[in-house]
Amino acid sequence: GYAAGELKHGPIALLDKNFPVFAIATRAGTLEKMVSNIQEVIARDAPVLALISDGDRTLADVELDRTEVPAVSEFLSPIPNVVALQLFAYFVATERGCNVDQPRNLAKSVTVE
């Protein structure tokens, strides 16, 4: 993942129709810049899935896939965002046939003090 402000510092060169972008656009303080970045991503034909706050119509006229999370204060927004992102990762992994209960290269360690 990259912060929205870093898009023009390299990652934008990777974008094309085969490089999907997951945009987290739920925070009011950064929403304007995020919308600008989403428009640049779409201009390069990269598919976009945007995580937006419930009822937010800022991206209503933009052609992209959306997932809405509950609209909460900016301070609490990471909570529903993380839940949505974890569910997304879970379903993508199961669709790809990955064993989500036993990820490869996961080492269980115990620390005794």
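The values are calculated or read from the model by the stated rules, or taken from the named source; none is laboratory data. From a predicted model like this one, the values you see are computed outputs, not experimental measurements. All Cβ positions, even for glycine, are placed from backbone atoms using ideal geometry, and neighbour counts span all protein chains on display.
Which of the residues belonging to the stretch 89-113 are surrounded by 10 or more Cβ atoms within 10 Å (Cβ to Cβ) and among the polar types (S, T, N, Q)?
The one that is surrounded by 10 or more Cβ atoms within 10 Å (Cβ to Cβ) and among the polar types (S, T, N, Q): 94.
Would you point out the residue of the stretch 53-68, among those that are surrounded by 13 or more Cβ atoms within 10 Å (Cβ to Cβ) and over 12 Å from the mean Cα position of the chain (by Cα), that is nearest to residue 25 (Cα to Cα)?
53
Within the bounds of the stretch 51-71, is there any residue that is at pLDDT 90 or above, among the aliphatic types (A, V, I, L, M) and over 21 Å from residue 7 (Cβ atoms)?
yes
Filtering the stretch 70-88 down to residues that are over 14 Å from residue 31 (Cβ atoms) and surrounded by 13 or more Cβ atoms within 10 Å (Cβ to Cβ), which residue is nearest to the chain's Cα centre (by Cα)?
It comes out as 85.
Looking at the stretch 41-52, which of its residues are in contact (Cβ under 8 Å) with a residue 24 or more places away in the chain and either under 11 Å from the mean Cα position of the chain (by Cα) or exposed (fewer than 14 other Cβ atoms within 10 Å of the Cβ) (or both)?
Within the stretch 41-52, 45, 48, 49, 50, 51, 52 meet the criteria.
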